[in-house]
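Everything on this sheet refers to the single structure shown next.
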Amino acid sequence: MRRNELCRRASMEHETFRRQSARARSPRDQRKLSLATVLLAGVLVAGIVNRLGAADKPLAVLEITADTELDPARTYGAIVIKASNVTLDGKGAWLIGPGQGDPKSFTGRAVFAEGVENVTIRNVNAKGWETGLVLQDSRKCVIENCDFSGNFHDPGFGWGENGRRGGIVFLNVADSILRKNRANEVWDACVLVDSHDNTLEDNDFSHTSNTCLKLWHASRNTVRKNNLSYGIRKDPGEVHARDSTSVLIESGSDDNRFTQNDCTHGGDGIFIRVLNGWVSTGNLFEENDCSHANNNCVEAWSPRNIYIRNKANHGSYGFWLGASDQTVLIDNEASYNGLPDGNNNSPHLPNDGHAGIVFMFGPSSHTIVRGNRCAGNNGAGIALIGDQGSEGRKWKAFHWIIEQNRLENNRWGIFAQHADWIDLAANVFEGNARGTFHNAGNVTHVTEYRSNDEVAAPPKAKLTGPTTARVGEAIVLDASESSDPARRSLTWRWDLGDGASSELDIVKHQFEAAGFYRVGLTVNNGLLSDLAWRDFYVVDDLPEPATENQAERWTWSDPQSHVEFADEQRVKLAGRSSLSALVEPYSGGRVALVYPRSHDARWSLEGRTHLVFWMRTLNQNVPAWQGENPVITLYESPERVATLTPQGDFLSNPP
């Protein structure tokens, strides 16, 4: 097309838009049109230059300070929203970035907003950017009917982290809504970081090279009816999927609710990952389909999560739950996993076996598995396995209820090893080739209740009482308010963790030695059971020379870091307070916390053989702790110093 023809068309289009602007009847309409007019001239000029073959130039950044409608016939550059209480309606217009295939070519953010409230973004399309939308330090925003597909995508990337980018990234965003948006063929479709109380519904965040949805320290979010399928990065013939997953949850992402999402065909379906020791708890997963995962339909390494009526079929494993104490699984499907002609990575049960539900390579205390269907698995329907390396001495699968499950056509119905205190009831076993309940060794205190057609529902256990005590202190643990829906009589069984047990509803007890105790309670109504528990800490009545209201006497050694010390009265085991130390900023090296800052404690170590302390740590870095930890240096005086170095990293791997 000739230059004069392009100029003629540009002039006609500008004149048409000018007349429309003149007909605007309200100041608000005039604002919308004037903004579009300014952008129009830039777009037309850029279009003429491009068509003439000149070097590409990025379109001008559009700043939004009032309600704005884009022209769907135009192409736009980046947009920055600078004001609260505004609506950006893209009307289907495209924001085009520089990216064209090579991952390195994707740069910039199509839409960015920081520190805003009550902003609505709708009907915006963006591709070719490093990230389609970045919303930061904002609240009460609505993002709907937008398409952020075709942004940064890297299916060839190997193992490891590759940035938070792709479709949508929320950074410290609260009380906001993502509804009916799309982000396909991107690295991460949607990322929530430090973002709480948001709602994600009816979005299509499928077909990604890393994750469809990633949560990092993101809590109390509602995620429902989204397409989160095909989160996978894997070459033909490759065994594993490089930790790609449809849903990734990590680093203190607590109390979220996931319902009726499609999480199928991922590297994993749902993955609760703990790379830094910071677990994610209290999450509810209900009626999600996580089937056809390359690895595990659901994989978790965190305690106290609940799974109800989910589908976990045709993966390598249905539910892989390591270090997942106090987990509840009710009415899930976990079938046809580990099949020779399907997904069958990492067989860990005997004879290349897999499982529908497996707890392995981490503790699994106080666990309820009720009403699940596990059929046709190449291995166990349900597997509970304690620590194999220590033959159960380090931990066992402890205090389990397995009832009302249907276990059909597996190799084993239930496979147990290094396990203790298992209650079985009302399970249906059919066609399991090597038996219903297989004791693979070191399994104790298994009780199977006889059938009772009069019992239809389990009781409800309720335990009240403390979680800490001093050595020799009398405590009371009360389960008398436990109840049954049909008002049936109840029985109680307690294991107090120190060898003592009871069958009373109210227990009075004294612990005679300091330490950590797993206290368990099972309540039974004649067939079915419920459980409750306490992670109980018992401490000696000893002086606390450095942590009892001593924050002002502490300092630190690394001049590039800063440590804020405080006397913490809410989180403590003994005395009136513990010591809190917040390292921020952190330089990346070893930070030593020093007491006293004057190095003149004047403690005598004569006759002393033990230093006892309790630490609760949170480290969001990956990897979190490195080297030998914690290293303790004692200063009796500036001249007399003793350094205690553990034989390993006890912060990452507690003994």
Checklist entry - Of all trypsin sites (Lys or Arg not before Pro) in the stretch 442-510, which ones are in loop regions per DSSP and have a Cβ with at most 14 other Cβ atoms within 10 Å? => result ARG450, ARG487
Next on the checklist: Please report the spacing between the Cα centers of the stretch 304-336 and the stretch 191-245 in Å, no decimals.
Outcome noted: 18 Å
Checklist outcome for this item: Relative contact order of the stretch 468-539 (C-alpha contacts under 8 Å, at least 6 apart) in percent is 38 percent
Next on the checklist: Considering only C-alpha atoms, what is the centroid distance from the stretch 595-655 to the stretch 500-553, in Å?
Outcome noted: 26 Å
Next on the checklist: Checking the a/c ratio against 1.5 first, then a/b against b/c, what shape does the Cα gyration tensor give for the stretch 328-449?
Outcome noted: oblate
Item to check | Simple Cβ-charge dipole of the chain, Lys/Arg +1 and Asp/Glu -1, about Cα centre, in debye nearest 20 | outcome: 2580 debye
Item to check | Most to least packed among 412-421, 597-606 [average Cβ atoms within 10 Å] | outcome: 412-421, 597-606
Checklist outcome for this item: Summing +1 per Lys or Arg and -1 per Asp or Glu among the other residues with Cβ less than 10 Å from VAL455's Cβ gives -2
Checklist outcome for this item: With -39,500 (n - 2.57) per DSSP H segment of 4 or more residues and division by the full residue count of the chain, the 222 nm estimate, nearest 500 deg cm²/dmol, is -2500 deg cm²/dmol
Item to check | the chain - share of DSSP beta bridges that are antiparallel (%, nearest 5) | outcome: 20 percent
Next on the checklist: Out of the GluC sites (Glu not before Pro) in the stretch 154-245, which ones are loop residues according to DSSP with at most 10 other C-beta atoms within 10 Å?
Outcome noted: GLU161, GLU238
Checklist outcome for this item: the chain -> Rg/Rh from Cα coords, Kirkwood Rh, value 1.05
Item to check | Net length gained if the chain between ASN439 and ASP558 were fully extended (0.36 nm per residue, minus Cα distance) | outcome: 37.5 nm
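Bear in mind that the values in this text are calculations on the coordinates, not laboratory data. Model, not experiment: these values are computed from the prediction. All Cβ positions, even for glycine, are placed from backbone atoms using ideal geometry, and neighbour counts span all protein chains on display.
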